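> After the structure tokens below, expect a handful of questions from me.
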Amino acid sequence: MIIIREAERFRRFLGEKATGTSFGFVPTMGALHAGHLALLHRSKRETDKTICSIFVNPTQFNDPADFSKYPITLEDDIRMLEMTGVDILFLPDVHEIYPEGTASLETYDLGRMDQLLEGRQRPGHFQGVCQVVHRLLSVTRPDVLFMGRKDFQQCMVIRRLIHLKSIPVRLEICDTVREADGLAMSSRNMRLSPDDRSTAPILYDVLNRLKRGLDAGPLESRLRAGREALAAAGFRVDYLEICRTTDLEPVTEWDGHTPITALAAAFLGEVRLIDNIDLTA
Ligand code: AMP
């Protein structure tokens, strides 16, 4: 595996690439787990060369404590990437990504995505996500970008970024990889206390309960029961909502056929977990 730390060196490297070679790209913040590896395996199956990046992007953390406590496991990550057969690791420092600093970065018209769900709860988060992904795509220039459905709203934001900036890349969204007990894999899970780790799968249980026996009609009492179940288990609920899958607008009454998705964010201790489930798949 080639490790490239400088944007300029990446550009030179791409200048030498054989025409007709397809590149897949998986951006990450490291602390890699099987969810990341699933994206990388998919890229390896579907493209000729696979690029992974590891960069903990300061501009997408609205909570400084979350940023400073973000797990860093670089040696293990490099070992996992080598075992997976990744071709290129882009490992920039903050100056390579933001050479002009972070004070006056571009802002993006994300419409309602900046106001709904994660956009509402984490002001500035998706602007930061766009800043870093825009920059990473301009350096790595992949043909296919692989992202995880676990961060469903993020996928929709990036789809919008690709459209807004006419970036010549195809976005592929990959299914959420879960632990055996249903908890969505996440780098943040390693910060859960043993007690909180045993409570954490209840988030996915509650999402599944929303799906079971779902009928057309009002959704509010189901949602209330879900929020109460989470609170009773010890979660501090940021949101539990049912939204139209296409644009994430909240749905309070279901017509029985519009595609809908349930999305949740909740804290256990200091750790914020998110998850979602397609209710109409
Ligand atoms: P992160 O390192 O958390 O920024 O995640 C990097 C990429 O991996 C994003 O596209 C995430 O959506 C994806 N990802 C994270 N966790 C999972 C998971 N459990 N299953 C599938 N994809 C995931």
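The values are calculated or read from the model by the stated rules, or taken from the named source; none is laboratory data. Note that the structure is predicted; figures quoted are calculated from it, not measured. Cβ atoms come from the backbone with ideal geometry, glycine included; neighbour counts cover every protein chain shown.
Yes or no, residue by residue, for (1) touching a Phe, Trp or Tyr at 6+ places or on another chain (Cβ under 8 Å); (2) modelled with pLDDT under 95; (3) more than 16 Å from the ligand (Cβ to nearest atom):
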| position | (1), (2), (3) |
| --- | --- |
| Cys155 | no, no, no |
| Leu161 | yes, no, no |
| Arg178 | yes, no, no |
| Gly182 | yes, no, no |
| Asp196 | no, no, yes |
| Gly213 | no, yes, yes |
| Ala229 | no, no, yes |
| Ala233 | no, no, yes |
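> Confirm whether Ala225 is more than 21 Å from the chain's Cα centre (by Cα), farther than 21 Å from Met156 by Cβ and touching a residue at least 24 places away in the same chain (Cβ under 8 Å). Full working, then the answer.
Details: more than 21 Å from the chain's Cα centre (by Cα): yes; farther than 21 Å from Met156 by Cβ: yes; touching a residue at least 24 places away in the same chain (Cβ under 8 Å): no.
So Ala225 does not fit the description; no.
> Something else about it: Do you know which of the residues in segment 163-176 that are surrounded by 14 or more Cβ atoms within 10 Å (Cβ to Cβ) and within 9 Å of the ligand (Cβ to nearest atom) is nearest to Pro142 (Cα to Cα)?
Among those that are surrounded by 14 or more Cβ atoms within 10 Å (Cβ to Cβ) and within 9 Å of the ligand (Cβ to nearest atom), it is Ile173.
> For segment 184-194, name all the residues that are more than 12 Å from the ligand (Cβ to nearest atom), buried (at least 18 other Cβ atoms within 10 Å of the Cβ) and not in a helix (DSSP H, G or I).
Residue satisfying the conditions is Leu192 alone.
> Here is a check on your reading of the model: is Leu136 part of a helix (DSSP H, G or I) and at pLDDT 95 or above?
Against the criterion (part of a helix (DSSP H, G or I) and at pLDDT 95 or above), Leu136 qualifies.
> Which condition from (1) crowded, with 16+ Cβ neighbours inside 10 Å; (2) more than 23 Å from Gly35 (Cα to Cα) is the one that Leu207 breaks?
All conditions are met except number (2).
> I would also like to ask the following. Can you tell which of Leu248, Leu263 is aliphatic (A, V, I, L, M), within 21 Å of Gln115 (Cβ to Cβ) and part of a loop (DSSP other than H, G, I, E, B)?
So the residue among Leu248, Leu263 that is aliphatic (A, V, I, L, M), within 21 Å of Gln115 (Cβ to Cβ) and part of a loop (DSSP other than H, G, I, E, B) is Leu248.
> Sort out for me the strands (runs of 3 or more DSSP E) sitting completely within segment 1-109 that have 3 or more residues that are surrounded by 12 or more Cβ atoms within 10 Å (Cβ to Cβ) and within 16 Å of the ligand (Cβ to nearest atom).
It comes to 23-28, 49-54.
> On the given criteria, is Leu110 in contact (Cβ under 8 Å) with a residue 12 or more places away in the chain, of a type outside the set (Phe, Trp, Tyr) and farther than 30 Å from Gly20 by Cα?
yes
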